[in-house]
Amino acid sequence: MINLILILVVLIAIGVFVFLWLNRHKESAPSSNQLKYDMNEIVLFIRQAFEEIMASSLYEGSPNEVEYNRRKARRRELQKALRSCMHGDLSAKKYVKLYMKDLLVQTYGLDESNVDKIISFSQTTRLTSQDCFDILLHVFKNTHGQEAFNVMVGKYNLDTLHRLSDGSKGYQITEEQIRSIYNAEKPRLSVQDKIEIIVQRAYQVYKGLGVIDELRDQNIDGINGGTSGMPPDVVQTTDFLEYTKQQHLIPQSYDAVWTFYHGKSLHLEFLSFGSEQELKRVCQNIYGFGNPGQLNESKGYIINDMADGSRVVVVRPKMAESWAFFVRKFNDSLVELDQQILDQGAPLAINMLVFLILGHQVTAITGRQGSGKTTLLKAMIKYIDAKNIRIQESSFEIWARKMYPSKNILSFRETPTVSGQDGLDVQKKTDGAVNIVGEAATHSVVSYVIQAAQVASEYTLFTHHGKTLANLVSALRNSLIASGAFSNEKIAEMQVVEALGFNVHLVLRAGKRYIERITEIIPADSQFEYPQHYKDPENIADKLDAFMDTMTEYFGRMTDRRSYEYKDIIVWESGEYVAKHPISNRKIEEMLKNMDSDDAVQFEAFLGEYWGQSA
């Protein structure tokens with residue numbers, strides 16, 4: 001009797017469980033009259049649906065082995081995509097969005113009859129500025145792919161200077177401009193277009209990077225957020241609230257979305273993350289590719305790569321006044337020299353750069369961030385013939401192997417456990433003939449660059465942020481001293497100028513990039529001896545006077561006298577490249593020794609054409 005009762009209790013419990021489970025699944029798939037036309041509800045539905053997919057049993061329905069393995073592989077693929085889709089992995093993002101689209105159409109009931117109830121596609125006046133931008137970007141993307149944003153900015157001249165509210169000038173894209181473009185384009189959307197826009201909007205809230213999600217994937221120079229507006233600590237102070245009276249009208253840190261377009265920093269004034277929590281969520285998700293470690297208050301920042309090779313930097317309070325992120329994108333395509341250097345006299349500058357490579361000259365490429373140093377360096381690598389190339393970078397930016405797969409190239413980068421100096425030490429043992437340093441930024445790397453330029457390689461190319469030649473030499477000299485390689489400033493400076501051959505300086509002004517100058521560095525002649533007159537006099541007084549003359553000369557050389565001279569070989573004047581001072585005979589002889597006969601003949605003709613020199 002007791003056993004019978006126990007069996008009945010177990011059966012009733014199983015029945016209740018099955019009923020509740022079926023009822024739960026029934027509720028999770030709302031009928032057409034139960035649909036809630038709200039983006040937050042859609043995101044909630046998506047989240048619950050994915051949770052149920054991950055929690056569901058693989059054995060449901062007693063599958064055979066083939067079906068079980070198929071289910072297991074499908075779940076594993078979805079789990080992997082959900083973990084990596086927000087880190088710049090475009091294939092994972094596409095997979096997750098397709099899954100979401102299927103759920104919304106097949107289960108949630110999204111169709112032609114209700115898409116306009118979620119976003120008012122048919123009523124322009126009810127669209128927000130973000131709605132208008134999302135629609136425009138989708139339409140342009142259908143035609144231009146990853147160039148959609150660049151095409152939109154170029155077509156409507158959105159990169160022009162504006163007078164801002166504080167009286168200063170800046171590059172800004174406003175809500176009025178976006179609405180004006182929307183009215184001009186009058187985009188026509190199919191049902192599939194509308195569904196894809198809704199899916200993207202839900203994705204960027206659920207797993208994506210908020211309002212910058214699609215922008216980050218475009219072929220832009222970079223994007224950052226949290227870098228303007230009032231920081232949260234300021235907003236919370238009583239004095240600020242009393243002063244503004246209308247806090248919601250003052251831009252906050254989470255209203256800041258900036259992008260780089262052809263070197264210009266454009267403020268997308270019409271976009272906002274909406275809250276400090278959303279900005280924080282994006283910052284916490286964007287850097288996670290490859291598990292680089294935890295971003296915590298004690299460290300305050302983290303630098304990492306994304307799945308597509310972009311560099312991302314995230315900072316947080318208390319190190320920074322607000323949460324902020326910086327994404328820098330590097331184009332891995334080759335832009336030839338004649339595509340970069342376009343002004344009048346361009347052949348002069350292009351041929352000079354080529355002959356610097358053929359002549360095995362140590363060359364420093366300088367300029368501010370965004371001026372095109374890396375792009376120029378990538379194009380110059382083309383002319384390195386029959387040499388093993390070794391590249392050291394803080395993060396992979398040059399991608400030389402992708403552009404020159406037939407060349408012997410190996411790139412190294414810094415990691416949390418391998419410093420730049422360690423990577424450079426390894427390079428010494430890899431039979432490299434040409435050393436390229438992506439950015440000589442740290443003291444140890446600068447020290448290695450100078451050493452390699454003198455003894456470890458045939459010649460070296462590197463980039464640096466020096467503004468002038470004097471700044472470049474001083475910065476390299478100070479790094480040699482700080483690294484402990486030298487203690488005397490004069491001797492360190494002499495080592496720098498003896499190692500350097502030429503400086504190619506790039507500038508970016510009003511969105512235009514060009515080579516401002518190509519400069520030769522000439523070490524001062526220090527080979528002549530110090531005065532020896534103190535040896536001649538016989539009496540001690542005359543000997544002391546003569547010796548003081550020798551000491552005066554010594555201290556003069558060690559203090560006032562510069563250890564180098566320089567002259568601009570080519571300069572950019574009035575929109576064209578102009579030949580200025582001729583190359584020194586010492587450099588000409590050195591370059592000719594490193595060229596084969598055909599290149600030497602062309603170089604001599606080049607010198608004769610522009611400077612009237614003969615080798």
### Summary
Per the 1/(1 + (r/R0)^6) rule, R0 = 35 Å and r from the Cβ atoms of ARG75 and ASN3, FRET efficiency to 0.05 is 0.30
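How much of the DSSP beta bridge set in the chain is antiparallel, as a percent to the nearest 5?
On the way: 44 of 70 bridges.
Roughly 65 percent of the DSSP beta bridges within the chain come out antiparallel.
Packing-wise, with mean Cβ within 10 Å as the measure, how do 191-197, 366-372, 52-58 rank, highest first?
On the way: 191-197: 17.1, 366-372: 19.7, 52-58: 11.0.
Ranking the peptides 191-197, 366-372, 52-58 by packing returns 366-372, 191-197, 52-58.
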### Summary
Cβ density ranking, 10 Å radius, fewest first, applied to ASP166, ASP38, ASP305 yields ASP166, ASP38, ASP305
### Query
Once the dipole of the chain is set up with Lys and Arg at +1 and Asp and Glu at -1 on Cβ about the Cα centre, which of VAL418, VAL473, ALA492 lies farthest towards its positive end?
VAL418
### Message
Which residue, SER298, MET380, ILE391, has the largest displacement toward the positive end of the dipole of region 293-397 when charges sit on each Cβ (Lys, Arg +1; Asp, Glu -1)?
### Response
SER298
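Length gain on complete extension for the stretch GLU458 to GLN369, per 0.36 nm per residue less the alpha carbon to alpha carbon distance?
Values: separation 89, 0.36 × 89 = 32.04 nm, distance 2.79 nm.
29.2 nm is the gain from fully extending GLU458 to GLN369.
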### Query
Tally Lys/Arg at +1 and Asp/Glu at -1 over every other residue whose Cβ is under 15 Å from the Cβ of GLU214; what's the total?
-1
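Fewest to most neighbouring Cβ within 10 Å: what's the order for MET152, MET39, MET380? List each step's numbers first, then the result.
Details: MET152 22, MET39 14, MET380 19.
Least crowded to most crowded, the residues run MET39, MET380, MET152.
Provide ASP221, ASP545 in ascending order of the number of other Cβ atoms located within 10 Å of each residue's Cβ, fewest first.
Values: ASP221 19, ASP545 13.
Lowest to highest Cβ neighbour count: ASP545, ASP221.
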### Task
First check a/c for region 360-440, with a ≥ b ≥ c the square roots of the eigenvalues of its C-alpha gyration tensor; if it is under 1.5, answer rounded, and if not, answer prolate when a/b is larger than b/c or oblate otherwise.
oblate
#### Entry: Rounded to 10°, Cα long-axis angle of helix 39-55 versus longest principal axis of the chain
90 degrees
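Roughly how many debye, to the nearest 20, is the charge dipole of the chain about its Cα centre, given +1 on each Lys and Arg Cβ, -1 on each Asp and Glu Cβ, and no other charges?
On the way: 68 positive and 77 negative charges, 438 e Å.
Here the chain has a charge dipole of around 2100 debye.
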### Query
In deg cm²/dmol, rounded to 500, what helix-only [θ] at 222 nm does the chain give when every DSSP H run of at least 4 residues adds -39500 (n - 2.57) and the total is split over its residues?
-13500 deg cm²/dmol
### Message
Assuming 0.36 nm per residue, please report the length gained on full extension of the stretch LEU90 to ASP111 beyond their Cα-Cα distance.
### Response
5.0 nm
## Note on the structure
Placing each pseudo-label 7 Å from Cα in the direction of the beta carbon, SER597 and SER122 end up separated by a distance in nanometres of 8.1 nm
### Nearest 10 degrees, 0 to 90: helix 129-144 Cα axis against the chain principal axis
70 degrees
### Task
Using only Cα atoms, tell me the angle between helix 346-358 and the longest principal axis of the chain; keep it within 0 to 90° and round to the nearest 10.
80 degrees
### Summary
When the charge dipole of the chain is computed with +1 on Lys and Arg Cβ and -1 on Asp and Glu Cβ about the Cα centre, the Cα farthest towards its positive end, among LEU189, ALA579, ASN224, belongs to LEU189
### Query
In whole Å, what are the Cα extents of the chain along the three principal axes, biggest one first?
132, 65, 62
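Bear in mind that the values in this text are calculations on the coordinates, not laboratory data. Everything quoted here is computed from the prediction, not taken from an experiment. Cβ: placed from backbone, ideal geometry, glycine included. Neighbour counts: every protein chain shown.
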